[in-house]
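Take a look at the structure below.
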Amino acid sequence: MKAAFQKDDALLTDIERARSEGRARLWWLGQSGFLLHTRAGTVLFDPYLSDSLTKKYTATDKPHTRVTERVIAPERLTGIDVITSSHNHTDHLDTETLLPLLAANPQARLIIPRANRGFVLERLGKVKSTLIEVDAGESVAVAGVELHGIPAAHNTVERDERGCCRFLGYVAEVAGKRIYHSGDTLMHNGLVPALARFAPDVALVPINGNQPERRVAGNLNGREAAVVAKAIDARLAVPHHFDMFAFNTEPPDEFEAACRELGQPFRTLRNGEGMDL
């Protein structure tokens, strides 16, 4: 198993140092999870900080063997204002992650796709007062953070009976920064147009690709992720959705090579690593 860049007390020390110095800083927490701290608000994007899927699929024909060690127990993360869940798959809506996080951060609000409210309540229980719903094309403001819903295709742009998207990405605007978190998505006709007006400072994009033999919904591959970042005029592209499960990962090489070819600035983080914005 790969060692994290930093974890537990070392990660918490890094977070606290950024807070005390008033720096805007972003950490990759593994899979699609990122922690964004600014003076105006702190956002936790799509955290998966447990081994629930590894335990669930033990002794099955689809083992979720962990590649990299966990960087932090969810109950140790505090000072969170906003938590996002982009869709209902467990690595983006994990009971063993979210319930301890919400208990440790009673002030936090969980942003979810409106289409998923019933499923979220069934999975997480009595969290109605914590939920804020949003759909593609809508915006919500909470705790100094404005979030914009972006349609995502995983594998299709799936909608409920009201036309609300079941899979979203988010653009978070906070403290003068714009961060695009893709959730899980493939390329689709509405993606770049929905993001065109934002020109994000950072685009957090998946790179594990779409391989049907894995028997899970797919994502952008490395080249596609670089193309999206370039098309939306992102100042920096950061890859995610790799180095978590052995059956559903890809190295960042293709992404990095495509970024160099396209002239797209990028940075590849290691699990638990942070960067100033």
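Before rounding to the nearest 500, sum -39500 (n - 2.57) across all DSSP H runs of length at least 4 in the chain and divide by the residue total; then give [θ] at 222 nm in deg cm²/dmol. Walk me through the intermediate numbers first.
Working: 7 runs with 62 residues, N = 277.
For the chain, the value works out to -6500 deg cm²/dmol.
For the chain, how big is Rg over Rh, using alpha carbon atoms and the Kirkwood form of Rh?
Ratio of gyration radius to Kirkwood radius: 0.93.
Normalised by the residues of the chain, what does the relative contact order come to in percent, with Cα pairs under 8 Å and at least six apart? Before the final figure, lay out each step's value.
Working: 669 pairs, mean separation 51.9, N = 277.
19 percent.
Which part of segment 196-232 falls in the paramagnetic zone of Asp61, meaning amide N under 19 Å from the point 7 Å along Cα-to-beta-carbon?
Only 211-217 fall inside the zone, counting backbone N under 19 Å.
I want to check the label-to-label distance for Arg260 and Arg23. Put each point 7 Å from Cα in the C-beta direction and report it in nm to one decimal.
2.7
Have a look at Thr78, Phe119, His92 and report the one farthest towards the positive end of the charge dipole of segment 47-123, computed about the Cα centre with Cβ charges (Lys/Arg +1, Asp/Glu -1).
It is Phe119.
What lysines does Lys56 reach when the alpha-carbon gap must be under 20 Å and sequence neighbours fewer than 8 apart in one chain are set aside?
Partners within reach: none.
Taking amide H positions as placed 1.01 Å from N in the peptide plane, with prolines and chain starts having none, which residues 5 or more places from Ala136, or on another chain, fall under 5 Å of its amide H?
Those qualifying (amide H under 5 Å, at least 5 residues apart or on another chain) are Cys165.
So if we plug the beta-carbon distance of Glu161 and Met187 into 1/(1 + (r/R0)^6) with R0 = 22 Å, what FRET efficiency do we get, rounded to 0.05? Please list the in-between numbers first.
Details: r = 26 Å, r/R0 = 1.18.
That pair, Glu161 with Met187, gives E of 0.25.
Give the relative contact order (percent, whole number) for segment 149-277; include only Cα pairs under 8 Å separated by 6+ residues. Please report the intermediate quantities before stating the final value.
On the way: 274 pairs, mean separation 25.2, N = 129.
Value for segment 149-277: 20 percent.
Among 43-50, 113-120, what's the highest-first ranking by average C-beta atoms within 10 angstrom per residue? Intermediate results must be reported in sequence, preceding the final value.
On the way: 43-50: 25.6, 113-120: 19.2.
Those peptides, ordered most packed to least, come out 43-50, 113-120.
In Å, what Rg and Dmax follow from the Cα atoms of segment 170-257?
Spelled out, the Cα radius of gyration and Dmax of segment 170-257 are 12.9, 42 Å.
Summing Lys, Arg as +1 and Asp, Glu as -1, what charge do residues with Cβ under 15 Å from the Cβ of Pro47 carry, Pro47 excluded? Present the calculation step by step, with values, prior to reporting the outcome.
Working: positive: Lys7, Arg70, Arg76, Arg109, Arg123; negative: Asp46, Asp51, Glu75, Asp81, Asp91, Asp94, Glu96, Asp184.
For residues surrounding Pro47, the net value is -3.
Just so you know, all these numbers are worked out from the coordinates, no wet-lab data involved. Every value quoted in this text rests on a predicted model; they were computed, and no experiment measured them. Cβ sites come from the backbone with ideal geometry, for glycine too, and all protein chains shown count toward neighbours.
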